[in-house]
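Enquirer: Below is one structure. I have some questions about it.
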């Protein structure tokens, strides 16, 4: 059943130890958000170096549990571009997921960290529900896996209802806003010096703070607001109050079928070429049985791009060879850190239902050193 | 395809300095080591606190109390990358980290949490001509800036966001917001246990402009008597506390009963509509019989509102602990830390930048018959222009006004500039030996009779950085600046004496770095009192472009 014992036994207050450890972040996103975080169970499919960056941030934030699923053997390249794998396991017959556990546990012993054996195809809606996952992160997965996992997450609906503390029906809290839990779906990957993060939160409800500057005491109501002196930024205490908002997200399938419509997306030339590259690489995987493109595939990619651009009615010069090549090397540590940081930040927002997460496709362009978000699909 | 291996090659040979081992420092160190950098130095004066552990991931619970730089080094060495890391548990403001030190690096990365140290490192990197990558973060926001002398703007090219300031009279007499109480508590702490600062007085302020309905005293007299009063107040608070052995009950009585009763005698303060008069503690509250401890653990302790009885209890126990320790980093209860955003935009170099422009100079509008040498050094050069150990010479006369050597020019401090013949158009050469920063200050004596020129009320001086207008209006400016007088008569500072991580002579510099927390700190600057006593947002210093 969906109401596992873990959900019911989650206490409504946080301990002194947690308050002390999480103090600086509670000041940022509030106690309510922290409580939801500490009730969240997250499954990460794929444990390449990017997973290490994301997982580090989620574990530090104080989620309930993190499960890693990756049976591929630990390679020298993995160790070389990450800090998360136990270097003493380099020669042992160990999986990437297992090799990451000790470092993650040490980052925050209060979080349950575990490895789960199996392939993504073996995941079912029942399994996700039984193990009570709030979010599934597909990291560096081929496009077909993204499609099936995206569908899978949308097919899960929990029978029970939960209160705002993320605890079970046994509500001790005053504010028991009942909501249906869904499984939130994320996908992220780095390619060369670029990366992307995708979110599908279905119908997402969240709290956010609306700022209001209190009226100045004794302000003359006859003063014309247009000509009245504007207080300098930060010069007045800003009051805020919490409001509830919701947002609708597109599923991954729709995003893949994105129509690159200049009317909707603004000038296509202003979008980062890394965005087109991300989609080109999906195309490559589709045409090559899920294989990742590497430095030797430049020519194949150029051909593929011309066909892709034509079918999408995109100008071919949106993506040139230099940018194309920049996306084929193994990603460097700083790029992994940036994309991993952004991904973790969005996961935190999503599972804590605080502040509005990206909607829905973030791209980091490592040449321009900037990120951008587009709403696709 | 060659890019990756080329990058690794360059990385492994580069010498990198990371200034700061907190939130950003940990991330940087991890990225550097994993990216193939092998020769890394890292410096941080701080020790690890449990509240750091949620993000400064190179530290564990067992490391609390240890040096951040040293533990960060130990942690990344476990990645097994064969890196050569030098860790300094020290303040980057120390003299030993001068231009020579910075010249030994190919690139410097700033991961600091305060502006003063950033300014300092910025200047040293300019002097050593070493590229600098500056970064900062607070809350959800962060930024990274590349600084390269002559190519990009330096850290100080663009005027930084003004620090929030509160008039001293509001803090001492009529606090109305939680932040006023935080500032008051901070001042009290330094009055009792920290480095005494006459600007951080907490006793009732008799010079509060609200108390006088007209400015009946001349500025000179007001300033003089205010200075004297502050002097005696400072002695009173500290020496009184020492004489009573920091007895918590007597302290409670003085601060929350006697001083409050004194404030209540200033009846005009409490006639202002909307302002509530304070209530002094009663004898019952003072004798400790009604004390109650707040809930001892959990989130509730810090976030519930305490009753007066609980406040008394906590105050007594805090003073008790503090007087026993009487050390720098005692953690006072009820400490709040404000975050601020540190925004810098990449821009063309600012030719008027008073740090990296070829001949930096500013105009100082003031009244030389009032502004003292001490104020010039402390409030203008140190507080506003971020110099650490300035020397000031009167140009063309070989007269040293301010010496960074302790004891040499102390007798000059209370004298107004006019006593040394410094008047309108006087030129003062200021330099900070350590920062290799030279600045020419041109005095513009504000004529009090001229309404245009007169400084705003309550403002002692203004710093103006417009080169064009200065040169156009200066009547007697020499066509070419005379070369600085020979420095043979002056001793340059000898090698800093080391006594532990913070050398005794440089401890004051190190204390510019205030907070234990590595979030960007809010610096509280005592603003001058505005005429109507309202919480004025006018800073007392105006930097004009």
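The values are calculated or read from the model by the stated rules, or taken from the named source; none is laboratory data. In this text the structure is predicted, and so the values were computed from the model without any measurement. Note: ideal-geometry Cβ built from the backbone for every residue, glycine included; neighbour counts use all protein chains shown.
Enquirer: Of all residues in the range A:303-317 being surrounded by fewer than 18 Cβ atoms within 10 Å (Cβ to Cβ) and either within 27 Å of the chain's Cα centre (by Cα) or part of a helix (DSSP H, G or I) (or both), which is modelled with the lowest pLDDT?
Expert: Filtering the range A:303-317 for residues that are surrounded by fewer than 18 Cβ atoms within 10 Å (Cβ to Cβ) and either within 27 Å of the chain's Cα centre (by Cα) or part of a helix (DSSP H, G or I) (or both), the one modelled with the lowest pLDDT comes out as A:312.
Enquirer: Based on what the data block shows, is residue A:300 within 14 Å of chain B (Cβ to nearest Cβ), within 28 Å of residue A:80 (Cβ to Cβ) and touching a residue at least 12 places away in the same chain (Cβ under 8 Å)?
Expert: So residue A:300 does not fit the description; no.
Enquirer: Output the residues belonging to the range A:49-77 that are surrounded by fewer than 23 Cβ atoms within 10 Å (Cβ to Cβ) and within 14 Å of another protein chain (Cβ to nearest Cβ).
Expert: Answer for the range A:49-77, where residues must be surrounded by fewer than 23 Cβ atoms within 10 Å (Cβ to Cβ) and within 14 Å of another protein chain (Cβ to nearest Cβ): A:57, A:60, A:62, A:76, A:77.
Enquirer: Hey, does the range B:68-85 have a residue that's more than 14 Å from every other protein chain (Cβ to nearest Cβ) and touching a helix residue (DSSP H, G or I) at 6+ places or on another chain (Cβ under 7 Å)?
Expert: For the range B:68-85, residues more than 14 Å from every other protein chain (Cβ to nearest Cβ) and touching a helix residue (DSSP H, G or I) at 6+ places or on another chain (Cβ under 7 Å): present.
Enquirer: If you don't mind, another one. Restricting to the range A:318-347, give me the number of residues that are more than 11 Å from chain B (Cβ to nearest Cβ), assigned to a helix (DSSP H, G or I) and touching a helix residue (DSSP H, G or I) at 6+ places or on another chain (Cβ under 9 Å).
Expert: The number of residues fulfilling the criteria is 8.
Enquirer: Closer than 29 Å to residue B:10 by Cα, surrounded by fewer than 21 Cβ atoms within 10 Å (Cβ to Cβ), in contact (Cβ under 8 Å) with a residue 40 or more places away in the chain and in contact with a strand residue (DSSP E or B) (Cβ under 7 Å, 6 or more places away or on another chain), is that true of residue B:90?
Expert: no
Enquirer: Return yes or no: is residue A:290 touching a helix residue (DSSP H, G or I) at 6+ places or on another chain (Cβ under 8 Å) and surrounded by 15 or more Cβ atoms within 10 Å (Cβ to Cβ)?
Expert: no
Enquirer: Residue B:401: in contact with a helix residue (DSSP H, G or I) (Cβ under 9 Å, 6 or more places away or on another chain), farther than 30 Å from residue B:292 by Cα and modelled with pLDDT of 90 or more, yes or no?
Expert: In short, no.
Enquirer: Can residue A:350 be described as in contact with a strand residue (DSSP E or B) (Cβ under 7 Å, 6 or more places away or on another chain), more than 21 Å from residue A:279 (Cβ to Cβ) and part of a helix (DSSP H, G or I)?
Expert: yes
Table: residues versus (1) modelled with pLDDT under 80; (2) over 17 Å from residue B:156 (Cα atoms).
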{"site": "B:361", "(1), (2)": "no, no"}
{"site": "B:374", "(1), (2)": "no, yes"}
{"site": "B:389", "(1), (2)": "no, yes"}
{"site": "B:392", "(1), (2)": "no, yes"}
{"site": "B:395", "(1), (2)": "yes, yes"}
{"site": "B:412", "(1), (2)": "no, yes"}
{"site": "B:427", "(1), (2)": "no, yes"}
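Enquirer: While we're looking at this one, here's another question. Could you list, in sequence order, all residues of the range B:28-49 that are over 23 Å from residue A:22 (Cβ atoms) and within 8 Å of chain A (Cβ to nearest Cβ)?
Expert: Correct list: B:31, B:33, B:34, B:35.
Enquirer: Output yes when any residue across the range B:50-68 is touching a strand residue (DSSP E or B) at 6+ places or on another chain (Cβ under 8 Å), within 28 Å of residue A:23 (Cβ to Cβ), buried (at least 23 other Cβ atoms within 10 Å of the Cβ) and in the same structural domain as residue B:103 (by the TED database), and no when none is.
Expert: Yes, there is a match, as at least one residue in the range B:50-68 is touching a strand residue (DSSP E or B) at 6+ places or on another chain (Cβ under 8 Å), within 28 Å of residue A:23 (Cβ to Cβ), buried (at least 23 other Cβ atoms within 10 Å of the Cβ) and in the same structural domain as residue B:103 (by the TED database).
Enquirer: Being at pLDDT 95 or above, under 19 Å from residue A:350 (Cβ atoms) and surrounded by fewer than 19 Cβ atoms within 10 Å (Cβ to Cβ), is that true of even one residue in the range A:190-200?
Expert: No, there is no match, as no residue in the range A:190-200 is at pLDDT 95 or above, under 19 Å from residue A:350 (Cβ atoms) and surrounded by fewer than 19 Cβ atoms within 10 Å (Cβ to Cβ).
Enquirer: So which residues in the range B:1-21 are touching a helix residue (DSSP H, G or I) at 6+ places or on another chain (Cβ under 9 Å) and within 11 Å of chain A (Cβ to nearest Cβ), if there are any at all?
Expert: If the condition is that a residue be touching a helix residue (DSSP H, G or I) at 6+ places or on another chain (Cβ under 9 Å) and within 11 Å of chain A (Cβ to nearest Cβ), then B:1, B:3, B:11 are the ones that fit.
Enquirer: Surrounded by fewer than 20 Cβ atoms within 10 Å (Cβ to Cβ), in contact (Cβ under 8 Å) with a residue 60 or more places away in the chain, within 16 Å of residue B:356 (Cα to Cα) and outside the structural domain of residue B:378 (by the TED database) - does that describe any residue in the range B:101-124?
Expert: no
Enquirer: Find the strands (runs of 3 or more DSSP E) located wholly in the range A:40-145 whose residues include 3 or more that are closer than 26 Å to residue B:62 by Cβ, and list them.
Expert: A:65-69, A:112-115
Enquirer: Just to verify a result, which residue in the range B:230-256, among those that are closer than 20 Å to residue B:375 by Cβ and crowded, with 16+ Cβ neighbours inside 10 Å, is modelled with the highest pLDDT?
Expert: B:233
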